[in-house]
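*Asks:* Supplied in structure tokens, the structure appears directly below.
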Amino acid sequence: MSYEAIFSLGSDCRPASHFIRYFKGRPSSCFDWLVTPVASIERILADDGAQFGLRVSALNGTTALCENYGVLYHHEFERTKSGAVIFTPEALQSCREKLTYKYNKMINIARTRKTLFVRYVAGTDSPGDQQRGKPFGADDLQKMVTLLEEKLGHSSFHIAYFRAIGGAYDDSEFRGPVPERCSVHQEHHVPDQPDNYKAWDEFFSTMGLSPDRPPHL
């Protein structure tokens, strides 16, 4: 179980933050700093991220919402002192270029290397997220496997689904075996408390990853 690359599939910045902490590198997934509903992954893979940053609106004035994909751009735009998100032509162009570059880099690496994809919980606080409150299980993981197989052109990858026991957006439900090339892991989530570093470190170790031999990020 030796992986040459590891990438985040969302739902938020938690996987990327732990990649940085553990591997001391800069991650390259377009999902690193977004809030990404499960359904948005399929839309982004379908057109290779061509609609990043094209139709963006201010959600509650403070968060940038991608109206094409349903993701939240929490970290892509500056804000005023009062927290209002600031849109400029330059910022929108930068958002498009950055996320398109990261998407292409992730896909190109994953097409040629054995890759571990990590998804942290199913639901998000993005408006219109149809997954929130709906159980996420083995069939949903299998759909993600199929999407990635079609996009990458091979099956040399693994999807690790990370649960957050006690988390508001963890509605996963696994009653039987998970699909081949998938695994389920978990942390105990305590609101307003630091992340469970131990659970993530054990996860990396279980997957055969070491900071001494970091994978492509």
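*Asks:* Report, by residue number, each residue of the stretch 92-106 that is under 14 Å from A50 (Cβ atoms) and hydroxyl-bearing (S, T, Y).
*Replies:* Answer for the stretch 92-106, where residues must be under 14 Å from A50 (Cβ atoms) and hydroxyl-bearing (S, T, Y): T100, Y101, Y103.
*Asks:* One residue is enough: does the stretch 114-128 have a residue meeting the conditions of a type in the set (D, E, K, R) and part of a loop (DSSP other than H, G, I, E, B)?
*Replies:* So far as the stretch 114-128 goes, yes, one or more of its residues are of a type in the set (D, E, K, R) and part of a loop (DSSP other than H, G, I, E, B).
*Asks:* Count, please, the residues in the stretch 66-85 that happen to be assigned to a strand (DSSP E or B) and crowded, with 21+ Cβ neighbours inside 10 Å.
*Replies:* Of the residues in the stretch 66-85, 4 are assigned to a strand (DSSP E or B) and crowded, with 21+ Cβ neighbours inside 10 Å.
*Asks:* Follow-up. How many residues are surrounded by fewer than 19 Cβ atoms within 10 Å (Cβ to Cβ), closer than 21 Å to V121 by Cβ and among the charged types (D, E, K, R) when one looks only at the stretch 15-34?
*Replies:* 1
*Asks:* Going by the conditions given, is Y101 under 16 Å from S8 (Cα atoms) and surrounded by fewer than 16 Cβ atoms within 10 Å (Cβ to Cβ)?
*Replies:* yes
*Asks:* Does the stretch 193-205 contain at least one residue that is touching a strand residue (DSSP E or B) at 6+ places or on another chain (Cβ under 9 Å), surrounded by 14 or more Cβ atoms within 10 Å (Cβ to Cβ), touching a residue at least 24 places away in the same chain (Cβ under 8 Å) and among the aliphatic types (A, V, I, L, M)?
*Replies:* No, there is no match, as no residue in the stretch 193-205 is touching a strand residue (DSSP E or B) at 6+ places or on another chain (Cβ under 9 Å), surrounded by 14 or more Cβ atoms within 10 Å (Cβ to Cβ), touching a residue at least 24 places away in the same chain (Cβ under 8 Å) and among the aliphatic types (A, V, I, L, M).
Values in this text are rule-based calculations from the coordinates and carry no lab data. Small disclaimer: the values here were computed from a predicted structure and weren't measured. Backbone-built Cβ (ideal geometry, glycine too); neighbour counts: all protein chains shown.
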